[in-house]
Amino acid sequence: RNRQPPPTPMPGDTDARYAFDTEWYDEVACLKRHFSLLYFESDGSVEMIDSKTRRTFLKRCVCPGVTLSDLHVGSTVTVYARQLKVLGYADAVTGRRFEPVSERTVAFVTTEARALLGEALELAA
């Protein structure tokens, strides 16, 4: 699992709030539902807002098991039995805070180098 360090709080932030675009697959209705997941750093609480209706789906409450280091693009977090996939940042503030600590790497392996793939991955780690 790709864990990234949480961003450092800015001076003067008393209650930093980070917003993420997330997706949850509703097995009962057989559709994907989109939410804005708000994370409040001061107490580790979360709030979920339905992106389609802009209504509060889950009022602000502390959710055990969700930490700031779990929230990055591509991760999956569980909020009260709902597995939410983080698709992106919902606002510019969150994007500015998280982009500097996130990293993406692309590697192309030729057919000849396939035998050395294990060694290459060890070096990259």
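The values are calculated or read from the model by the stated rules, or taken from the named source; none is laboratory data. Keep in mind that this is a model prediction, so the values were computed, not measured. Methodologically, a virtual Cβ is constructed for each residue, glycine included, from the backbone with ideal geometry; neighbour enumeration extends over all protein chains shown. Remember, those area values only see protein heavy atoms, side chains included, never the ligands or the DNA or RNA. Shrake-Rupley method; radii C 1.70, N 1.55, O 1.52, S 1.80 Å.
Tabulated data
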{"item": "Accessible surface ranking that places the most exposed of Arg97, Arg17, Arg82 first, with a 1.4 angstrom probe", "result": "Arg17, Arg82, Arg97"}
{"item": "Accessible area of the stretch 24-119 divided out per residue, in Å², using a probe of 1.4 angstrom", "result": "66 Å²"}
{"item": "The stretch 23-65: trypsin sites (Lys or Arg not before Pro) falling in loop per DSSP and having at most 10 other Cβ within 10 Å", "result": "Lys52, Arg54, Arg55"}
{"item": "Whole-percent carbon and sulfur share, accessible surface of the stretch 20-105, 1.4 Å", "result": "51 percent"}
{"item": "Solvent exposure ordering (accessible area, 1.4 Å, most first) of Cys61, Cys30", "result": "Cys30, Cys61"}
